[in-house]
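**Student:** My questions will all concern the structure given below.
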Ligand code: DX5
Ligand code: ZN
């Protein structure tokens, strides 16, 4: 397992996206982009044109988290545009296998996300189609929400499913991940950590990424590095 940090630009200054992205370019692994359409979630953020513009500027690979009602229609376009990872929601996709394959065919890693109230077990058979599983640790739609501890048992079950499957599938957590909560996520078996407010709400976002990484690394060491 490789520990990775993905700052979410949802908490950055949207008028200065490229400058904000540059602040974490040396310390983070990914730039997490929350695409919201005002239908799947109540909030409306950015879409393909802004992602395409950011792709020209950002040094980090883009991790696009699609919180949209019709991911089957749009997800492959984000991959074709150059996003390195594209994650669709299990609750929204009508043809997840086809869409996950289309994402991979377009050259990106394919991710599947589940909301706090959605079980992972029904998606166990889809693991061969996945490069990453995202377990939401808040209800999607807004940054700055309180971390939901009730999701941690599911993170553990997701790690067990992945271990049993045997493939190299990353396990991402997103929502309320801060210096205070990241250790619990790491102990439960997560290896990719999204943080918006925890990074861009800090005075020095680049240093905040380092602190998050240090906290998660310490939690892994305590747990013997297995995440369990
Ligand atoms: C929530 C988004 C998250 C959000 C996380 O729907 O998917 O990526 O930006 O923000 P924080 O870390 O502030 O909870
Ligand atoms: Zn997100």
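**Student:** So the label point goes 7 Å from the Cα of residue 145 along Cα→C-beta, right? Which residues of the stretch 25-51 then have their backbone N under 16 Å from it?
**Tutor:** From the stretch 25-51, the list is 34-45.
**Student:** Another one. Dividing the alpha-carbon Rg of the stretch 100-170 by 2.2 N^0.38 Å yields what?
**Tutor:** That ratio works out to 1.16.
**Student:** Let me ask something additional. Using a Förster radius of 22 Å, what is the FRET efficiency between residue 16 and residue 84 based on their Cβ-Cβ separation? Nearest 0.05, please.
**Tutor:** Computed FRET efficiency for residue 16 and residue 84: 0.45.
**Student:** Could I ask something else about it? Do the sum for the chain: with -39,500 (n - 2.57) for every DSSP H run of n ≥ 4, divided by all residues, what is the mean residue ellipticity at 222 nm, to the nearest 500 deg cm²/dmol?
**Tutor:** Counting only the DSSP helices, I get -10500 deg cm²/dmol.
**Student:** Assuming 0.36 nm per residue, please report the length gained on full extension of the stretch residue 2 to residue 70 beyond their Cα-Cα distance.
**Tutor:** The residue 2-residue 70 span can extend by a further 21.4 nm.
**Student:** In a Gaussian network model over the chain where Cα atoms closer than 10 Å are linked, find which of 128, 96, 76 has the largest mean-square fluctuation.
**Tutor:** The residue with the greatest mean-square fluctuation here is 128.
**Student:** Shifting gears a bit: Let me have the relative contact order for the stretch 177-228, percent, based on Cα pairs under 8 Å that are six or more residues apart. Provide the component values of the computation, followed by the final result.
**Tutor:** Values: 46 pairs, mean separation 26.6, N = 52.
The value is 51 percent.
**Student:** How many nm separate the modelled label positions at residue 97 and residue 59, each set 7 Å beyond the Cα in the direction of the Cβ?
**Tutor:** 4.3 nm
**Student:** Take the Cα pairs of the chain, get the Kirkwood Rh, then feed it into Stokes-Einstein at 4 °C and 1.567 mPa s and tell me D in µm²/s.
**Tutor:** In µm²/s, the coefficient rounds to 76.
**Student:** If you don't mind, another one. Please give the residues of the stretch 158-199, grouped as numeric ranges, whose backbone N is less than 14 Å from a label point set 7 Å along the Cα-to-Cβ vector of residue 222.
**Tutor:** Of the residues in the stretch 158-199, 179-189 have backbone N under 14 Å from the label point off residue 222.
Each value in this text was obtained by applying a stated rule to the coordinates, not by laboratory testing. The model shown is predicted, which means the values in this text are computed figures rather than measured ones. Here the Cβ is made from the backbone with ideal geometry for all residues, glycine too, and neighbour counts use every protein chain on show.
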